[in-house]
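The values are calculated or read from the model by the stated rules, or taken from the named source; none is laboratory data. Keep in mind it's a predicted model, so treat the numbers as computed, not measured. Because the Cβ atoms are built from the backbone with ideal geometry, glycine has one as well, and the counts that use them run over all protein chains shown. Surface areas here come from the heavy atoms of the whole protein model, side chains and all, with no ligands, DNA or RNA. Shrake-Rupley method; radii C 1.70, N 1.55, O 1.52, S 1.80 Å.
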Amino acid sequence: MRVVVASGTDIGHVREGNEDSYLVQDPLFAVADGMGGHRGGEVASKLALETIEALFTRREGTLVQQVEEANHAVFEKSLLDRSVAGMGTTLTAAMLEGARIRLAHVGDSRAYLLREGQLRQLTEDHTLVHRMVTEGELTPEEAEVHPHRSILTRALGTEPEVQVDEDAIGVQPGDRLLLCTDGLTGMVPDRAIAQILADEADPKDAVDRLIRDANRAGGIDNITAVVVDILEDNGTNGAAVEEATTGAPPVPESSGLAPPPERKGSGRGARIAAYVGVLIAVALLGFVGLRVYVDTQWYVGVSDERVAIYRGIPASVGGFDLHHVVVETAIPAAAAQSLPLYRDLSDGITADDRAEAGAIVEQIRQDVADLQASPTP
Ligand code: MN
């Protein structure tokens, strides 16, 4: 078997940066969708793919072990570097081994196989809504439009260990594999993806059209696609690979990893146009929800009658809490809530990041101390 590969990534119309990364290192292909404040998401997706690429090049371990190592690398970096604390990423990797494709997968990026015009999803989304569908709490139709449909139940790099989904499927000449991030699947329905993959003979044209259609539907998130065509070995060289890259800056020779493009200095007009595009998309589609990365949200609330810093959002969906306590302080919640400013503390005071949550706690501590220093009027 030989393959022809095309790949592309695009920032979309809304995001400030591109936190997606992809890897094309025949016979290994992968996409990763990073998450985390500041540069965290970008660092996580890139580091995960660099790690599996390095291990693959050195022939160390199985694909799943390489993904587990990537988890360690991202988790350790997030502990050591405060600026990327809490970062994580999805990772969907496919490796061609003879007439089989081996898959390793964490998160909600996806692998699909197009065979004889039929599109089949090869991976299972690790999302809250998918879990609720399998438990019969939501219908697949409800899941598609659920406002929290992008909340992940599993990500790479957010915990010391990760459970990696593993699969191997037989492939044959004429098969077409698609790896992509949710910036594509959240904007373009499966049947439209199938149509594009069936229509466009050239994988590069397919990638370009997938990205273009995701942007036309709103481009709410970064969009990444890798299309791998499985072809009959034409007798030249089994390792032959033709590669076409689109959308991304030149890929370094030493690495198949494409750094996400920056879009510095995009004009104000472009930004306004982007927002207008989004408003139109939301109005037209009605069901477009913004991705909620619960793990990148912070708030100050009450735990065990004390002021506490939470990660997540102060809500539950279908019985699943979307938050957990990160720091429980010694400040009694009742003292804070006796001040009008913090009366609604138990509903949660949201913060942009961990540092801001800490600053809110310090302010509460100060205000409570002041209150106790002066007699109540
Ligand atoms: Mn995404």
Report task. Roll a 1.4 Å probe over the protein heavy atoms and report the accessible area of Arg306 in Å², nearest 10. Result -> 90 Å²
Query raised in the report: Which value, in Å² and to the nearest 10, is the accessible area of Arg58 when all protein chains are kept and the probe is 1.4 Å?
Result: 140 Å²
Requested in this report: Give me the distance between the Cα centres of region 337-374 and region 111-173, rounded to whole Å.
Outcome: 40 Å
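Taking R0 as 30 Å, what FRET efficiency do you get between Glu97 and Gln121 from their Cβ-Cβ distance, rounded to the nearest 0.05? Spell out each step's value before the answer.
Values: r = 21 Å, r/R0 = 0.70.
Plugging the Cβ-Cβ distance into 1/(1 + (r/R0)^6) gives 0.90.
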**Report entry** Label point distance in nm, Gln372-Ser83, each placed 7 Å from Cα along Cα→Cβ
**Finding:** 3.8 nm
Report task. State the percentage of accessible surface on the chain attributable to carbon and sulfur atoms; use a 1.4 Å probe and exclude ligands, DNA and RNA. Result -> 50 percent
Query - Farthest positive-ward along the chain dipole, Cα basis, beta-carbon charges - from Gly170, Val207, Gln25 - result: Val207
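I'd like to compare 17-27, 135-145: which one has the highest average count of other Cβ atoms within 10 Å, and what's the full order after that?
On the way: 17-27: 25.0, 135-145: 12.7.
Going from most to least packed, we get 17-27, 135-145.
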Query raised in the report: Arranged from highest to lowest average of other beta-carbon atoms within 10 Å per residue, in what order do the peptides 339-349, 195-205 appear?
Result: 195-205, 339-349
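Mind giving me the FRET efficiency for Ser316 and Asn234? R0 is 45 Å, r the Cβ-Cβ distance, nearest 0.05 is fine.
0.20
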Report summary line: Measure of exposure for Met1: accessible area at 1.4 Å probe, Å² rounded to 10, is 60 Å²
Requested in this report: Calculate, for Glu135 and Val325, the FRET efficiency according to 1/(1 + (r/R0)^6) with r their C-beta to C-beta distance and R0 25 Å; round to the nearest 0.05.
Outcome: 0.45
Requested in this report: Report relative contact order for the chain in percent, whole number only (criteria: Cα-Cα under 8 Å, sequence separation at least 6).
Outcome: 21 percent
Query raised in the report: Cα axis of helix 268-285 to longest principal axis of the chain: angle in degrees, 0 to 90, nearest 10?
Result: 80 degrees
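With each run of n ≥ 4 DSSP H residues scored as -39500 (n - 2.57), what mean residue ellipticity at 222 nm is computed for the chain after dividing by its residue count and rounding to the nearest 500 deg cm²/dmol?
Numbers: 10 runs with 119 residues, N = 377.
After summing the helix terms and dividing by the residues of the chain, the value is -10000 deg cm²/dmol.
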Report task. State the extension gain, in nm to one decimal, for the chain segment bounded by Asp304 and Thr62, taking 0.36 nm per residue of separation less the distance between their alpha-carbons. Result -> 82.6 nm
Query raised in the report: So what are the ³J(HN,Hα) numbers for region 206-220, from phi and the Karplus equation (6.51, -1.76, 1.60; θ = phi - 60°), rounded to whole Hz, Gly and Pro as x?
Result: 5, 4, 4, 6, 4, 5, 4, 5, 5, 5, 5, 7, x, x, 5
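Whole number in Å², please: accessible area per residue of the chain, 1.4 Å probe, ligands, DNA and RNA not counted. Intermediate values should be presented prior to the final figure.
Numbers: 17660 Å² over 377 residues.
Dividing the accessible area of the chain by its residue count gives 47 Å².
Order 46-57, 320-331, 168-179 from most to least packed using the mean count of other Cβ atoms within 10 Å. Each step should come with its number before you reach the end.
Values: 46-57: 21.3, 320-331: 14.7, 168-179: 18.1.
Descending mean neighbour count gives 46-57, 168-179, 320-331.
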Query raised in the report: Once you wrap a convex hull around the alpha carbon atoms of the chain, what is its projected area averaged over all directions, in nm²?
Result: 21.5 nm²
Report task. Compute the separation of the alpha-carbon centres of region 55-87 and region 1-19 and state it in Å as a whole number. Result -> 22 Å
